1. Between a first residue in region 58-84 that is part of a helix (DSSP H, G or I) and a second residue that is among the charged types (D, E, K, R) and open to solvent by 30 Å² or more (accessible area, probe 1.4 Å), which pairs have beta carbons less than 8 Å apart while being 6 or more apart in sequence or on different chains?
2. Check region 138-151 and report whether any residue there is small (G, A, S), open to solvent by less than 40 Å² (accessible area, probe 1.4 Å), assigned to a helix (DSSP H, G or I) and at pLDDT 95 or above.
3. Scan region 86-112 and report the pairs whose first residue is outside any helix (DSSP H, G or I) and whose second residue is open to solvent by less than 60 Å² (accessible area, probe 1.4 Å) and of a type in the set (D, E), with Cβ atoms within less than 9 Å and a gap of 6+ or a chain change.
4. Exactly one condition in (1) more than 20 Å from T162 (Cβ to Cβ); (2) open to solvent by less than 50 Å² (accessible area, probe 1.4 Å) is not met by V91; state its number.
5. If you go through region 20-74 one residue at a time, how many are aromatic (F, W, Y) and under 17 Å from T10 (Cα atoms)?
6. Checking L176 against (1) hydrophobic (A, V, I, L, M, F, W, C); (2) closer than 30 Å to V75 by Cα; (3) in contact with a Lys or Arg (Cβ under 9 Å, 6 or more places away or on another chain), which test does it fail?
7. Please work out which residue is farthest from the chain's Cα centre (by Cα), limiting yourself to region 113-135 and to residues that are surrounded by fewer than 15 Cβ atoms within 10 Å (Cβ to Cβ) and closer than 23 Å to L41 by Cβ.
Amino acid sequence: MKKYTTQFLTRTALLLALCIVVQQFKSVSQFITGPLVNLILLIAALAVGLYSGLAIAVLSPILAFLISPSPIMQVMPQLIVLVALGNAVLVFAAWSFRKNKRYYVGFLLGAVVKTGVLALGLQYVLIPLFGAALNEKQVAMATAMFGGNQFVTAVIAGAVCTFLWPLLRRAEGFVLEKA
């Protein structure tokens with residue numbers, strides 16, 4: 001069993017706190033908060049490890065809902081599970097490719113699969129089962145927010161991380177899990 005160090009727990013907690021702070025600005029634009037949240041997920045997976053990234057992937061939508069839920073989440077809180085799953089897919093893809101010289105492939109693959117999980121899960125599971133509370137405008141908004149917009153925000157985060165990660169990786173003591 002993996003031993004969790006104080007550094008692991010502290011860095012995970014700090015990245016989760018940063019993620020929650022960023023999410024408080026979601027009313028500004030999904031295209032600002034989305035890439036920042038995804039970037040935090042990618043950095044957590046690469047620098048701290050898979051379990052750190054997964055913890056943040058799952059806890060951040062739950063805490064965001066408890067602290068200040070978006071209007072669509074208020075109507076359909078089941079989206080929390082879908083967002084957590086999409087985040088986890090992104091983290092796992094990035095972590096899986098971390099040892100490859102072309103680690104950015106993990107970012108792109110994660111963006112594609114995350115978008116698929118969110119869009120298909122919304123369209124074929126959540127809306128049919130729980131969508132009775134949504135009007136047409138809300139369905140259209142949810143479809144846009146959890147479809148193509150998610151791909152764009154994940155790709156932006158991946159692009160930023162592609163340039164940022166080599167710098168962070170060289171910083172003394174920044175990376176806990178060596179690739």
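The values are calculated or read from the model by the stated rules, or taken from the named source; none is laboratory data. The structure presented is a predicted model; accordingly, all values stated were derived computationally and were not measured. All Cβ positions, glycine included, derive from the backbone under ideal geometry; neighbour counts span all protein chains shown. To get the accessible areas, we keep the full protein, side chains included, count just its heavy atoms, and leave off ligands, DNA and RNA. Shrake-Rupley method; radii C 1.70, N 1.55, O 1.52, S 1.80 Å.
1. Short answer, once both residue conditions are applied: A64/K26.
2. Going residue by residue through region 138-151, those that are small (G, A, S) are 140, 142, 144, 147-148.
With the extra rule that they be open to solvent by less than 40 Å² (accessible area, probe 1.4 Å), the set shrinks to 142, 147.
Then keep just the ones that are assigned to a helix (DSSP H, G or I); that gives 142.
Imposing the further condition that a residue be at pLDDT 95 or above reduces the set to none.
No: zero hits.
3. R98/E177
4. Condition (1) is where V91 drops out.
5. Initially, region 20-74 is screened for residues aromatic (F, W, Y), giving 25, 31, 51, 65.
Within this subset, residues satisfying the condition of being under 17 Å from T10 (Cα atoms) are 51.
Number of matching residues: 1.
6. Exception for L176: condition (2).
7. V125
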